[in-house]
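Some notes on the structure that comes next.
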């Protein structure tokens, strides 16, 4: 099976712009989670989607949003970019949404966003 | 809120030797999951090992094993017979039971395996 793919891999934007990142999960996986990784804050959970519904959300401002399509592909959008949004954005997919099974999350390579 | 602490920012080990990475966490939950993830340089993060809190037996995956001390809220990773390919950032992570994949990560330990 193909792994989790993320596009684009690298992105440079300027302050105030908006950006959309894409994630394609492993075939058959219905859950997609997004994380932000920065040197200062480490890995932080953004949100999780399962069957096109946002099931959980981390502590991020409303400028960060996402959605999931019927084929489980997910997009993450950041509006009005700030310098502090520069980070590696990781997407992870899993078979199940709930932590009931402690289901393994498979990570993509990430999208490195630089905000100038 | 759950917090995960990895007190060793960097560690190094000689090839073929054993190394232990530390992780402690803080939670009031009784049912949860713990993970160790590996992030090699410029490569994808992969799951190394997983532990269910309700299981007393320590998880083992080939050269990787954990020492899970629930009362002490400690979850250390032991890597035996270290290999050059083990060089990576290692993240300890916590997830509450039934919490929709909201994983909390530690700051990471950068492990270097020296030839």
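The values are calculated or read from the model by the stated rules, or taken from the named source; none is laboratory data. Values in this document were obtained by computation on a predicted structure and should not be read as measured data. Using ideal geometry, Cβ is built from the backbone for each residue, glycine included, and neighbour counts are taken over all protein chains shown.
Tabulated data
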| item | result |
| --- | --- |
| Test: residue in the stretch B:78-92 that is free of Cβ contacts under 8 Å to residues at least 12 places away in the same chain, surrounded by 17 or more Cβ atoms within 10 Å (Cβ to Cβ) and touching a helix residue (DSSP H, G or I) at 6+ places or on another chain (Cβ under 9 Å) | no |
| Residues of the stretch B:34-55 that turn out to be in a loop (DSSP other than H, G, I, E, B) and surrounded by fewer than 16 Cβ atoms within 10 Å (Cβ to Cβ), as a count | 6 |
| Complete set of residues in the stretch B:66-111 that are under 14 Å from the mean Cα position of the chain (by Cα), under 13 Å from residue B:32 (Cα atoms) and within 10 Å of chain A (Cβ to nearest Cβ) | B:93, B:95, B:103, B:104 |
| Residues within the stretch B:26-65 that are away from every other protein chain (no Cβ under 14 Å) and farther than 24 Å from residue A:93 by Cα, tallied | 8 |
| Where residue A:73 falls short, out of the listed (1) at pLDDT 95 or above; (2) within 14 Å of chain B (Cβ to nearest Cβ); (3) surrounded by fewer than 20 Cβ atoms within 10 Å (Cβ to Cβ) | (2) |
| Meets criteria (farther than 22 Å from residue B:97 by Cα, free of Cβ contacts under 8 Å to residues at least 60 places away in the same chain and in contact with a strand residue (DSSP E or B) (Cβ under 6 Å, 6 or more places away or on another chain)) for residue A:77 | yes |
